[in-house]
Amino acid sequence: MDPSRYRQLQVTWKGEIDEASQHAVSELNRRFDPDEFTVVLNGRKLDLWVRAVDLRALASAVSEVRKQYPTALPMAKIVDEVESVGSYGIRGRKRVFVDYNRERKVVGRRTKEARRGKHFYAKDHPFERANHPFPKEYEDRIVCGDSEDVLRALPDNCVDLVFTSPPYNFGLAYQEDQDADAFDWESYFAKLFAVFDECIRVLKFGGRIVVNVQPLFSDYIPSHHVISRYFMDKRLIWKGEILWEKHNYNCKYTAWGSWKSPSSPYLKYTWEFLEVFCKGDLRKSGQSANADIDAESFKQWVVAKWSIAPERRMKEFGHPAMFPEELARRVMLLFSFRGDLVLDPFAGVGTTCVAARRHGRSFLGIDIAEEYCTTAKRRVADVQMEFLR
Ligand SMILES: C[S@@+](CC[C@H](N)C(=O)[O-])C[C@H]1O[C@@H](n2cnc3c(N)ncnc32)[C@H](O)[C@@H]1O
């Protein structure tokens, strides 16, 4: 086989390769075009020669072969291995692992890009390039207060990354005021954008702001679009959008809509969005020695659909709308360098700050509710204790 025509993968089997396992491999091969997918027994290893494969067909073939040869060594690892490859093209139902880039190349891409203009909406931005040191007295602190006021005390261009999830305004009973999360939408966005104005000001040139926002169901406000539009109007560059798949199915099919009728089907979401914006430049400065994301995570996370379970300890921490630490960890490792300063202006019980502390970033977390700030401080101190143990 010509290695240049295939993506080569490998799976190691524990145990002896008996006759049943050999038959199982032959049977699996029989079901695929050898020009596209072949498994070769190589001692206790399986060499996979993969050009193009329909993953669902592969999974069902593996399970059928398994039924046929129940004593054969398990082959599910083959599917996992193929699935773990992050770079591929799509042709019909198949993932194409070789030459897909060449097939997609646009002739004269750079000239065409130059003619069209990249991120045209962010041209003529007003941002200064000079960055400033972050004030020591605010470093690694949880501050209780209104972010709009607290942030005014910081100089321009001193924060590397803002990561936050704003209050949602659909009536969550937050601590400071049981009715506060249900303003009229104009007031809500006016206040939110006043805080974001400050975030943009304190963000360094080349810094990133990542906002976790969910599609708003009950009031039909596409808040992720409204928020993105705001950042574009402020001339930030949209780096992209991450779909956070939470898999939290909620089966109230008719609660807000029709049942089995096109009259008013109600759309449901098991995911939220992370909108990623950059100030002035898509590239962020930082020393490569301080990039602490490993190759495997990088490969997986740049595929912008992240499956992460929602936070399950909200009762324990006494907050109704936390995001999980894993979400903050990924944002931090993918979008900031070790040693960077991370700001969360709606810090809640301090999940962003906890992740920052754990991963060698400095932080400033601000929340308006005293009780959340107390919990946040305790959580950050607990991480500190873990380090000392
Ligand atoms: C969605 S929650 C953030 C939860 C956080 N991500 C966590 O994991 O704990 C939004 C937070 O914004 C806070 N908040 C609302 N208005 C604020 C303001 N003007 N300044 C600071 N915090 C505010 C609320 O108290 C609430 O804790």
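The values are calculated or read from the model by the stated rules, or taken from the named source; none is laboratory data. Worth saying up front: this structure is predicted, and the values here are computed from it rather than measured. With ideal geometry, Cβ positions are generated from the backbone for all residues, glycine too; neighbour counts draw on all protein chains shown. The accessibility values were calculated without ligands, DNA or RNA, using every heavy atom of the protein model including side chains. Shrake-Rupley method; radii C 1.70, N 1.55, O 1.52, S 1.80 Å.
For the chain, build the charge dipole from Cβ charges (+1 Lys, Arg; -1 Asp, Glu) around the Cα centre, then report which of VAL202, VAL65, SER288 sits farthest towards its positive end. My answer, from the dipole projection, is VAL65. Stretched out straight at 0.36 nm per residue, the stretch from TYR100 to GLN10 would grow longer than its current Cα-Cα span by 30.3 nm. Quick one: grab the alpha carbon gyration tensor of the chain, order the square roots of its eigenvalues as a ≥ b ≥ c, and give me rounded if a/c is under 1.5, else prolate or oblate depending on whether a/b is larger than b/c. The shape class here is prolate. For LYS77, the aspartates and glutamates whose Cα comes closer than 14 Å to its Cα, not counting residues fewer than 8 places off in the same chain, are ASP47.
Over segment 3-104, the Kirkwood radius and the radius of gyration, each from Cα atoms, give a ratio Rg/Rh of 0.97. The peptide list 365-374, 298-307, put in order of mean Cβ contacts within 10 Å with the highest first, becomes 365-374, 298-307.
Stretched out straight at 0.36 nm per residue, the stretch from ALA76 to LYS123 would grow longer than its current Cα-Cα span by 11.9 nm. Each label was represented as a point 7 Å from its Cα along the Cα-to-Cβ direction; for PHE387 and LYS136 these points are 1.7 nm apart.
When you count the other C-beta atoms within 10 angstrom of each residue and take the mean per peptide, 62-72, 187-197, 122-132 line up highest first as 187-197, 62-72, 122-132. Under a point spin-label approximation (7 Å from Cα along Cα-to-Cβ), what is the GLU241-GLU296 distance to one decimal in nm? Distance between label points: 3.1 nm.
Per residue, the accessible area of the chain comes to 53 Å², computed with a 1.4 Å probe over protein heavy atoms only. As a rough guide to protection, the peptides 270-280, 345-355, 17-27 ranked by mean Cβ packing within 10 Å, highest first, stand as 345-355, 270-280, 17-27. DSSP bridge analysis restricted to the chain gives an antiparallel fraction near 65%, rounded to the nearest 5.
With +1 on each Lys and Arg Cβ and -1 on each Asp and Glu Cβ, and nothing else charged, work out how big the dipole of the chain is about its Cα centre, in Debye to the nearest 20.
Its charge dipole is roughly 1740 debye.
The H on the amide N of GLY280, modeled in the peptide plane, is under 5 Å from the matching H of GLY206, ILE237, each at least 5 residues off or on a different chain. Modelled this way, with points 7 Å down the Cα-to-C-beta line, the labels at SER63 and LYS112 are 4.1 nm from one another.
Applying a threshold of 23 Å to the alpha-carbon distances of LYS94/LYS118; LYS94/LYS299; LYS204/LYS234; LYS112/LYS204 flags LYS94/LYS118; LYS112/LYS204 as lying beyond it.
Quick one: pull the percent of accessible area on the chain belonging to carbon and sulfur, 1.4 Å probe, ligands and nucleic acids left out. The value for the chain is 51 percent carbon and sulfur by accessible area.
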